[in-house]
């Protein structure tokens, strides 16, 4: 089967080619690929998504028609059917899955082209209103936390943005952990938020508000979250060793995906605690930067902060809080750092306290809207005296 590269910046082009790939009438799509196409891929492949992720390590994930459609069908079963708005890059799995859901349901998605702004989002959202036999057709969209925060900031003084947020039956938010403060703001604004968990390897979000979609199984092995079910990718293109390591099989043949995330499953509900590998050793003690970041984001004005590691002469490694200058205007830099250090010490211990607060004009992000942690780390290290 042939693979042809498609520019992810053109959502209409991706939609056209994706429709053919899902229906089996066209070649598989290659999104984010560096190598020239065409080339051969396994039979049944719909899309190969190549991404370096937030850590800068490239990977080409092979997604079949069956996995993508299984995810779309399970999503509809969980939250309902309706019209979808694409507000994310089509080359990002959450954006891609918006298009798949529209294709599977036989509906035409609304497409938000160009740079994401609250005004463009509101205009696209409010033009989606329609009825069928007198019944309102539900609308849905997917966002990342940074987009939701922008919308909530705008909604404070633009009622049209508030109306747009309230117009959706559900807004799926994933890609990274949603800060509790942001969720509370969204709910207070009348937005119906569904927190999703998943990755490209699981065809996007496959756990909604901690509960797996129909057909998806969860377990933890030595603290690592693992996922099984029909939404799993076939593996990594031309990388059998990496595929075997990430997708092990049980003795009964059940195939699992090792997420690399720490978490627990209690009462059938998943609680993710962060990346297993996002840990530093500070003064001889392991510190989870994800856990530190979660606490720091609870400080007023730091809801979008990112915590990264830097070398430290005294402790070996230490953590630094990176936040935007706009947030810092609301409280002094010293107050923010003191509050963050006190909150982290109270929950984890004094050894985990961040050492500095670095202010930037804008947090570096990937095309998906996630923080570009590798770029942020490099920038902070360059600033280190």
If one takes the longest principal axis of the Cα atoms in the chain, at what angle in degrees, from 0 to 90 and to the nearest 10, does the Cα axis of helix 373-383 lie?
30 degrees
If the viscosity is 1.306 mPa s and the temperature 10 °C, what translational diffusion coefficient in µm²/s does Stokes-Einstein give for region 2-200 when Rh comes from Kirkwood over Cα pairs?
91 µm²/s
Cα centroid separation, region 129-180 to region 204-267 (Å):
29 Å
Gain upon complete extension [residue 221, residue 345; 0.36 nm per residue less C-alpha separation]:
41.8 nm
Tell me the label-point distance for the pair residue 157, residue 183, using the 7 Å Cα-to-Cβ offset, in nm and rounded to one decimal.
3.0 nm
Rounded to the nearest angstrom and ordered from largest down, what semi-axes does the equivalent ellipsoid of region 116-229 get from its C-alpha gyration tensor (root of 5λ)?
29, 18, 11
All-pairs Cα distance distribution in region 111-155, expressed in whole percent, bin size 10 Å:
23, 50, 22, 6
To check you understand DSSP bridge types, tell me what percent of the beta bridges within the chain (both residues inside) are antiparallel, rounded to 5.
65 percent
In this structure, the FRET efficiency calculated for residue 76 and residue 117 from their beta-carbon separation, with R0 = 35 Å, to the nearest 0.05, is 0.75
Gaussian network model of the chain, springs between alpha carbon atoms under 10 Å - residue of 110, 305, 120 with greatest fluctuation
120
Taking the Cα atoms of region 278-383 alone, what are Rg (to one decimal) and Dmax (as a whole number) in Å?
12.8, 36
Suppose we look only past 12 Å in the calculated P(r) of region 199-252. What percent of the Cα-Cα pairs does that tail hold?
70 percent
Nearest 10 degrees is fine. How inclined is helix 145-155 to the longest principal axis of the chain, computing both from alpha carbons?
80 degrees
If you fit an axis through the alpha-carbon atoms of helix 333-347 and take the longest principal axis of the Cα set of the chain, what angle between them do you get, 0 to 90°, nearest 10?
80 degrees
Shape box of the chain [Cα atoms, principal axes, largest first, Å]
61, 54, 44
Kindly provide the helix-only [θ] at 222 nm of the chain, computed as the sum of -39,500 (n - 2.57) over DSSP H runs of four or more divided by all residues, to the nearest 500 deg cm²/dmol?
-9500 deg cm²/dmol
Separation in nanometres of the label points that stand 7 Å from Cα toward Cβ, at residue 334 and residue 10:
5.6 nm
Taking Cα atoms only, Rg over Rh for region 197-329 with Rh from the Kirkwood formula is 1.05
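Readers should treat all values here as calculations from the given coordinates under stated rules, not as data from a laboratory. As the structure is a computational prediction, the values presented were derived from the model and not from experiment. Neighbour counts are summed over all protein chains in view; Cβ atoms, including those assigned to glycine, are modelled from backbone coordinates with ideal geometry.
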